[in-house]
Amino acid sequence: MNPPRKLHIKSYGCQMNVYDAQRMVDTLAPEGFVETASVDDADLVILNTCHIREKASEKVYSELGRLRAVKDEAARHGRTMNIAVAGCVAQAEGEEIVRRAPVVDVVVGPQSYHHLPQLLAHAKRDGRALETEFPVEDKFVFLPPPKPEAIRARGISSFVTVQEGCDKFCTFCVVPYTRGAEVSRPVTKIIDDVERLADNGVREITLIGQNVNAYHGEGPDGRTWSLGALLYRLAEIPGIVRLRYSTSHPRDVEDTLIAAHRDVPALMPFVHLPVQSGSDRVLAAMNRKHTVSDYRRVIDRFRAVRQDIAFSSDFIVGFPGETEEDFLATLALVTQIGYAGAYSFKYSPRPGTPAADMREMVSAVEMDERLVRLQELIDSQQSAFNAATIGNTVDVLFERLARNPGQIVGRTAYLQPAHVMSSPDIIGQVLPVRIESLERYSLLGELARAPDARPAQAAFSEITLSEITPSEMTPSEMTTGA
Ligand code: 5AD
Ligand code: SF4
């Protein structure tokens, strides 16, 4: 048998890239690849890239510069290192990558990575391989399912892609171009995936899609199912104790989704619902297809069925033509809604999008200043939200060993990290925790009930993706689309 080949994946950007990176590992496992945490001894390095803002996509070229030295060093020791660029920069700038970075052997877009084994073989033969067409076939049909040991190693919370792409064409956004048109996976495939995950210890599923609540997959009854219908069905799968979904668009919130929040206890009362701006004028220029009052009404519909529901959002400051008055309207909306957290970004013109041609740029100084003001407001809301937990008893799903010895870390319904001193037996269980204090964004507390007596899950202490770039995977970068 050949010795295993080593694979290092560095993933940038959103949750879907994290998911895609895992599926790349699954695709390459039958080829004899195993993951390595170190780039130096890798036979294959994949950069799974993000194109959402300029800063994110620039990182690719600087990383490729560093990798050139590593590849040269490997060659000096008689080893071949292959370098692949995957993800949305590959899709948007494939030809340019080939031109600018001869160190790259394979360029593969987000819809084609099931072809990685063939592309590597092609590159070995011809020097290079590029695939950025949207293939006619559906990659999910060809992706091998993850092996049980891979699922177990990845922990008790898992992403599952249910929908990909976007037809909304917000004027600032590259997603419709890099991820393509909106496509939903069939219900039975998603059920199979979730059952396999649950059988191997997964307790929490986050359904992901760039516009996840536009989900309209073919159901087993031949009808089209909405996201709400899918959530009702997935909640029946034994072992699944928590369900989440991200990222939603305010226009696509159907009544079945609201009803699911009322009826399905496993569906967490925390919804990421980007609004981008609090000014109708800016929303129109962004082609968001909703007004501020439409957004408020959607929030009210959720709140009517679950008083404990909390929201997060995305905001862009400095969209072309945004005036101080528009910006004040955004601050007013944030004040009015009251978020548990939100991500805010400076507008970044993306080549090929309609907004990139808009002339009335907001100055860099103004953008910086607006970002600070908005983030201060959001931070104060988030701190107040977290502080309100102190003294309460809240349910925590325990995920893994914490860095501090003896501590186990999990998450509340609102994704707040919560730490307790305990044995690792509690990993995989939802237990009530009395929250005693707050350290930055983390809650500290004590178990309010003895854990269930049952065998421990694997003691997950590490995430297993070779590398998730720390700066990219702060919560501020975890959102995708919508
Ligand atoms: N400039 C700044 N932020 C952007 N986003 C998307 N495109 C841009 C852009 N061109 C933000 C939006 C979106 C989040 C994923 O990224 O807020 O919801
Ligand atoms: Fe689609 Fe969201 Fe991008 Fe708008 S911001 S085009 S809804 S992915």
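The values are calculated or read from the model by the stated rules, or taken from the named source; none is laboratory data. Please read all numbers here as calculations on a predicted model, not as lab measurements. We place every Cβ from the backbone using ideal geometry, glycine too, and count neighbours over all the protein chains shown.
Would you mention how many residues in the stretch 345-373 are part of a helix (DSSP H, G or I) and within 23 Å of the chain's Cα centre (by Cα)?
Result for the stretch 345-373: 1.
Can you give me the number of residues within the stretch 204-227 that are closer than 17 Å to Tyr19 by Cα and either out of contact with any Phe, Trp or Tyr (no Cβ under 9 Å at 6 or more places or on another chain) or without any contact (Cβ under 8 Å) to a residue 12 or more places away in the chain (or both)?
Within the stretch 204-227, residues that are closer than 17 Å to Tyr19 by Cα and either out of contact with any Phe, Trp or Tyr (no Cβ under 9 Å at 6 or more places or on another chain) or without any contact (Cβ under 8 Å) to a residue 12 or more places away in the chain (or both) number 3.
With the condition being surrounded by fewer than 17 Cβ atoms within 10 Å (Cβ to Cβ) and more than 16 Å from ligand 2 (Cβ to nearest atom), I'd like the helices (runs of 4 or more DSSP H) fully within the stretch 145-200 carrying at least 2 qualifying residues.
It comes to 148-154, 187-199.
Would you pick out the residues in the stretch 219-266 that are outside any helix (DSSP H, G or I) and closer than 22 Å to Lys168 by Cβ?
Thr224, Trp225, Ser226, Arg244, Tyr245, Ser246, Thr247, Ser248, His249, Val253, Glu254
Tell me, which strands (runs of 3 or more DSSP E) wholly within the stretch 384-448 include 2 or more residues that are β-branched (Val, Ile, Thr)?
Filter on the stretch 384-448 gives 393-401, 407-411, 430-439.
From Gly32, Gly78, Gly65, Gly13, grab the single residue that is farther than 22 Å from Val103 by Cα and surrounded by fewer than 19 Cβ atoms within 10 Å (Cβ to Cβ).
The unique qualifying residue is Gly32.
Going by the conditions given, is Val136 out of contact with any strand residue (DSSP E or B) (no Cβ under 7 Å at 6 or more places or on another chain), β-branched (Val, Ile, Thr), surrounded by fewer than 17 Cβ atoms within 10 Å (Cβ to Cβ) and assigned to a helix (DSSP H, G or I)?
Considered against the rule, which asks whether it is out of contact with any strand residue (DSSP E or B) (no Cβ under 7 Å at 6 or more places or on another chain), β-branched (Val, Ile, Thr), surrounded by fewer than 17 Cβ atoms within 10 Å (Cβ to Cβ) and assigned to a helix (DSSP H, G or I), Val136 comes out as no.
Would you mind telling me which numbered condition in (1) among the small types (Gly, Ala, Ser); (2) crowded, with 18+ Cβ neighbours inside 10 Å; (3) within 16 Å of Asn213 (Cβ to Cβ) Ser277 fails?
(3)
For the stretch 36-52, what are the residues that are modelled with pLDDT under 95, of a type in the set (D, E, K, R) and touching a Ser or Thr at 6+ places or on another chain (Cβ under 8 Å)?
none
Could you check the stretch 283-318 and list, in sequence order, the residues that are among the hydroxyl-bearing types (Ser, Thr, Tyr) and either out of contact with any strand residue (DSSP E or B) (no Cβ under 8 Å at 6 or more places or on another chain) or at pLDDT below 95 (or both)?
Thr291, Ser293, Tyr295
Read through the list (1) in a helix (DSSP H, G or I); (2) more than 16 Å from ligand 2 (Cβ to nearest atom), then give the number of the only condition that Thr206 fails.
(1)
For the stretch 247-263, does any single residue satisfy the condition of being surrounded by fewer than 17 Cβ atoms within 10 Å (Cβ to Cβ) and out of contact with any helix residue (DSSP H, G or I) (no Cβ under 8 Å at 6 or more places or on another chain)?
Looking through the stretch 247-263, none of the residues is surrounded by fewer than 17 Cβ atoms within 10 Å (Cβ to Cβ) and out of contact with any helix residue (DSSP H, G or I) (no Cβ under 8 Å at 6 or more places or on another chain).
Could you please let me know if Ser380 is at pLDDT 95 or above and closer than 19 Å to Arg288 by Cα?
When the stated conditions are applied, Ser380 does not pass them.
Residues are listed down the side, and each one gets a yes or a no for (1) touching a helix residue (DSSP H, G or I) at 6+ places or on another chain (Cβ under 8 Å); (2) more than 14 Å from ligand 1 (Cβ to nearest atom):
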| residue | (1), (2) |
| --- | --- |
| Ile299 | yes, yes |
| Phe302 | yes, yes |
| Thr330 | yes, no |
| Thr353 | yes, no |
| Val372 | no, yes |
| Gln375 | no, no |
| Ser383 | no, yes |
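Given (1) touching a residue at least 60 places away in the same chain (Cβ under 8 Å); (2) of a type in the set (A, V, I, L, M); (3) touching a Leu at 6+ places or on another chain (Cβ under 9 Å), where does Met358 come up short, assuming only one miss?
Single failed check for Met358: (3).
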